[in-house]
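Accompanying notes for the structure given below.
Nothing in this text is a laboratory measurement; each read-out follows from the coordinates by a stated rule. Remember, predicted model here, so these are calculated numbers, not experimental data. Virtual Cβ from ideal backbone geometry, glycine too; neighbours counted across all protein chains shown.
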Amino acid sequence: MNAQPSLPFSGLTPEVVIDALQSVGLYSDGRLLALNSYENRVYLVCLEDEEPVVAKFYRANRWSDAEILEEHAFCAELVQSEIPVVAPLTIGEASLHYFSDFRFAVFPKKGGRAPELDDPKVLEWMGRFLGRIHASGARRAFTHRPRIDIASFGEAPRDFLLAENFIPPELASAYRSIVDQALEGVRHCFARAGETAYIRLHGDCHAGNVLWTDDGPHFVDFDDSRMGPSVQDLWMLLSGERADMARQLTDVLAGYEDFFDFNPRELHLIEALRTLRLIHYSGWLAKRWNDPAFTTAFPWFNSQRYWQDRILELREQVSLMGEAPLWPA
């Protein structure tokens, strides 16, 4: 099994983190706390006589400078519209910085807790801000950042997993068959949805990327921001049985449509986008499997049981994609 080069952050010692911050005029008092992040490396850095900041060091060869700067510009645009997004700080007229072999950005520290997504008022509040984000996101397109599509989120990870022999030999045929069925189901869902607008999105809007305070949500981590259908930022807020998700969708849209029109044809895409995310997630883990942080954090990946569960999961998705789309309650 092959993956990306191991130890991608081996040179990122605490001393390098501190020196990198000092290179942009931020002086640490020596206290660092590694935050929960696998794709990049993120640290809470305490400063001398200033409020702490969050320093994010980007994984090499994932995004180009232009793609990162486009994300930063989108976040800055949202902040200018008074939308509660945690955007990188501009230091010396730049938001992306370089030190040693690393690229990094610095963010203000924001507190908060996970949103209570079983509360209709919270969902409506989230919907209002997502509607405002999408209203801004629809004003122009990304030039450098890619789209959420079947090729990159479904076909590419499938091909990588099979070509690099991540699937156990006795399960490879079953996996190949069901993943191909699943991708055919995705194509049918997109065909049923018809022409849908692609806008700039958060791209990974799950509860872990929202900090909730008494003043409402703060949206963080636009690292996966792409062009895509607006429902991509809505479906990850839904969970439970179908009736539960229908009620949750009603609550989200009650706030969302105060600021942005939702195309109901995109409801055909919910299970298709979920299917693509599941396939992409396995491919993401596989491509990072030589990174010790991944083998430590995801010890269950690539076991026989893991792939058996993925086959069953995709079978369920094939069935769900054949059903009528979820509809608000």
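Given 0.36 nm per residue, what is the gain on full extension from ALA94 to GLU116 after removing their alpha carbon distance, in nm?
Between ALA94 and GLU116, full extension yields an extra 4.4 nm.
Placing a label point 7 Å from the Cα of THR296 along the Cα-to-Cβ direction, the residues of the stretch 6-41 whose backbone N falls under 16 Å from that point are 6-15, 32-41.
With a Förster radius of 56 Å applied to the beta-carbon distance between GLU195 and ASP29, the computed FRET efficiency rounds to 0.55. For VAL54, the shell of other residues with beta-carbons less than 12 Å away shows a net charge of +2, using +1 for Lys and Arg and -1 for Asp and Glu. Each Lys or Arg adds one and each Asp or Glu takes one away; over the other residues whose Cβ falls under 9 Å from the Cβ of GLY228, this sums to +1.
Full extension from ALA172 to ALA66: what is 0.36 nm times the residue separation minus their Cα-Cα distance, to one decimal in nm?
Taking 0.36 nm per residue and subtracting the Cα distance, the gain is 34.4 nm.
Per residue, the convex hull spanned by the Cα atoms of the chain amounts to 136 cubic angstrom.
When a/c is below 1.5 the answer is rounded, else prolate if a/b is larger than b/c, else oblate, so apply that to the stretch 111-162 with a ≥ b ≥ c taken from the square roots of the Cα gyration tensor eigenvalues. Judged from the Cα gyration tensor, the stretch 111-162 comes out oblate (a/c at least 1.5, b/c at or above a/b). A Gaussian network model of the chain, with springs between Cα atoms under 10 Å, assigns the largest mean-square fluctuation among ALA182, ALA286, ALA163 to ALA163. The charge dipole of the chain, taken about the Cα centre with unit charges on the Cβ atoms of Lys, Arg (+1) and Asp, Glu (-1), comes to about 740 debye, rounded to the nearest 20. Ellipticity at 222 nm from helices only: DSSP H runs of n ≥ 4 in the chain, each -39500 (n - 2.57), divided by the residue count, give -13500 deg cm²/dmol.
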